[in-house]
Amino acid sequence: MKTKTLIIAVAALLACGTIMQTNIAKAAINTVAAETGKQAEIKFDTLRVNLGTFSEKDAERKCSFIFTNVGNAPLVINQAFASCGCTVPTYTKEPVKPGEKGRIDVTYNGKGKHPGRFTKTIAVRSNAKTEIVRLAIEGMMTD
């Protein structure tokens, strides 16, 4: 039992260390950008995706939002969060160099939700000149 507890404790410490290293790297990128006058800028191919009409029996839908760093400093996505728990965004964790692309994948699961038209928003927070960008998914779920 002690060995199992020790393994869990070590794994937790390693995970915390990785998170701290990532946060330190992001902070360093933001500091360098601020000191050099360089700034990342995020530009999405689209800000809204229509998931169409689908049945609650097949209620999970996925889509991707592609973005480009059109600035002159590395772009770091700090956070992407949805307006409700039925919508889950995942995003590029590594810094995106100027001119390169990244993506935010969104999974919507309407199972157990009320049928009808819906719109859900995803707020994306980054180190870009425009710090927060709002994305939207919409669709119609039938019985």
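The values are calculated or read from the model by the stated rules, or taken from the named source; none is laboratory data. Since the model is a prediction, treat every value here as computed from it, not as a measurement. In this analysis, Cβ positions are derived from the backbone assuming ideal geometry, glycine residues included, and neighbour counts consider all displayed protein chains.
Scanning the range 105-128 for residues being part of a loop (DSSP other than H, G, I, E, B) and at pLDDT 95 or above gives a total of 2.
Report, by residue number, each residue of the range 103-117 that is touching a helix residue (DSSP H, G or I) at 6+ places or on another chain (Cβ under 7 Å) and under 24 Å from PHE65 (Cα atoms). Listed by number, the residues that qualify are GLY110, LYS111. Counting the residues of the range 91-131 that are free of Cβ contacts under 8 Å to residues at least 40 places away in the same chain and polar (S, T, N, Q) gives 3.
Residue-level analysis places CYS63 outside the set of residues that are assigned to a loop (DSSP other than H, G, I, E, B) and either touching a residue at least 24 places away in the same chain (Cβ under 8 Å) or within 17 Å of ASP45 (Cβ to Cβ) (or both). Is it fair to say LEU13 is more than 27 Å from LYS129 (Cβ to Cβ), at pLDDT 95 or above, of a type in the set (A, V, I, L, M) and not in a loop (DSSP other than H, G, I, E, B)? Criteria not met by LEU13.
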